Amino acid sequence: MRTTGEQRDVRRRQVVKWVAGAGIGIGLANAAACDIPGGAPKEAKPPVRKPLWTFALLDEDGGGKGVAHAPVVHQDGVLYVRSKKDGLYAVDAATGRERWHAPLTGARTGAPAVTPGAVFIAADGGAVHALRSADGEPVWRQAPGSRLRTPTAGDVWTSGAVALVSFHPYTYDEDPHPPPSVLYALDTRKGELLWQTEASLLEVRDGLAYVNTPDASLTALDPRTGTVRWTAPPEKSGGRRTLDAFAAGLLLGRNGNVGIGSELVAYDPRTGNVRWTAPAAHTSVPVAHGDAVYISAPGRSKRDEQRLQALDVTSGRLRWTAPAFSTRLYESPVIAADGDCAYLCWSEDGLDEDRTTLRAHDAATGRERWRSTRHVSSYAADAAPGNRLFICYLSDWYCHDTRTGKALWRVSAGEATTGPPPLSVDGMLYFASDEGIHALRP
């Protein structure tokens, strides 16, 4: 969370590449009806939905300038979007008209933080820029991370008085001593450095900054002073702790060799005390909604099949599990959730074609409500208000009806399907891609 109204949940929406397939089949009681010998029957693509407006980010050759991996930020009727090639744009959220453009050298990654008077954004190379939110004019520029080795910028967070950003030095796989990321705290008025520490910023929430330190501990800091409030080191050498979700007043994350052998942990966010743990070896990124948290994980054996699991957030009690879908250790499905269902989407690589399978499970019982299959690669999933579920299949975002699984319409995701899931705010949907932003009504 960086500022009020920014829709910080974008990171939880799981932008993870998983491979999969076309041809949709829906069944309520008999999900096996979708598994037709020789492949599911091909179904026509849903119609293209015409945007209310499009803000194009195209170069002279007609190719996309590239929206950065960071989410689009909304504040006071303005969208702030980063281009991989030429800096930051401020766009009127109602009309799609450009308000201003700030060309920033090396402005490739990391989301900006926005206050009523200023926008703070970090750029590769170690620099942080403060711009006037009214017109994008520079207020100050500081480069606290310029001495790091080819630093890459992370998201910026601000409370109004302090701006936090971490820079990640370049490293390579064989590096025996990779350089640590460094977190900097800057005074928002003049950009003066207040403090710094070796850490990677994960989240700021309720007056605490949560970071990963070089030893892979999960640590809570006072954002004003950098003072450590609590720390939770990994239990085994080579392991690490993650921060994945907040729910029911608890912080949820994984501990261990994440992706191969780990457990799900619920902490008191103020003290770091562990409330409960759940065995979740090889777990996917957990997704919390309401009083439930959903994970995909097998048992302790390497041959155990992965299952969708629903846990009670406050106690960690297992509520239900859904049928197995895979025995592959490194296959990481994507999960989305709303008040009615948990949605599981996973990939299968085939010799002739890839396949995406999407399942909806009742949030209370785990019963499968419907299933769909498409023979095309996919990359992301996100649940939205109004009974809508968005799946990014190759170059298009599909809008599914969560009650039936039917694909209702699609909108372009551009050529590089690495952009963030749609931002839902003030009754509008904003889809960002390498080509720009599309605005639609749900």
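Relative to the current alpha-carbon distance between residue 401 and residue 95, full extension at 0.36 nm per residue lengthens the span by 107.4 nm.
Projected label points at residue 48 and residue 205, each 7 Å from Cα along the beta carbon direction, are separated by 4.0 nanometres.
Heavy-atom accessible area for residue 348, with the other protein chains in place and a 1.4 Å probe, reaches approximately 50 Å².
Note on residue 137 and residue 177: the extension gain reaches 10.4 nm, defined as 0.36 nm multiplied by sequence separation minus the Cα-Cα distance. A cut-off under 9 angstrom between Cβ atoms defines the neighbours of residue 358, and their net charge, with Lys, Arg +1 and Asp, Glu -1, is +3. Taking the Kirkwood radius as Rh and the Cα radius of gyration as Rg, segment 83-221 has a ratio of Rg/Rh equal to 0.99.
Computed from the Kirkwood radius of its Cα pairs, the Stokes-Einstein diffusion coefficient for segment 121-178 at 10 °C and 1.306 mPa s stands at 127 µm²/s. Using the Cβ-Cβ distance between residue 362 and residue 229 with R0 = 41 Å, the FRET efficiency computed as 1/(1 + (r/R0)^6) comes to roughly 0.55. Working ranking of peptides 93-102, 370-379 by packing, defined as the average number of other Cβ atoms within 10 Å per residue, highest first, is 370-379, 93-102. Per-residue packing, averaged as other Cβ atoms within 10 Å, sorts the ranges 202-210, 173-181, 110-118, 266-274 into the order 110-118, 202-210, 266-274, 173-181, beginning with the highest. Pairs from the list 190/236; 50/85; 84/236; 85/406 with a Cα-Cα gap above 32 Å: 190/236; 84/236; 85/406.
Taking the Cβ of residue 270 as the centre, find all other residues whose Cβ is under 10 Å away and add up their charges (Lys, Arg: +1; Asp, Glu: -1). Taking every Cβ under 10 Å from that of residue 270, the sum is -1.
In whole Å, what is the distance between the alpha-carbon centres of segment 363-383 and segment 225-251? Between the Cα centre of segment 363-383 and that of segment 225-251, the gap is 30 Å.
Full extension of the segment from residue 274 to residue 314, taken as 0.36 nm per residue of separation minus the current Cα-Cα distance, would add 13.2 nm.
The values are calculated or read from the model by the stated rules, or taken from the named source; none is laboratory data. The structure presented is a predicted model; accordingly, all values stated were derived computationally and were not measured. Positions of Cβ are generated from backbone atoms using ideal geometry, with glycine treated the same way; all protein chains shown enter the neighbour counts. Remember, those area values only see protein heavy atoms, side chains included, never the ligands or the DNA or RNA. Shrake-Rupley method; radii C 1.70, N 1.55, O 1.52, S 1.80 Å.
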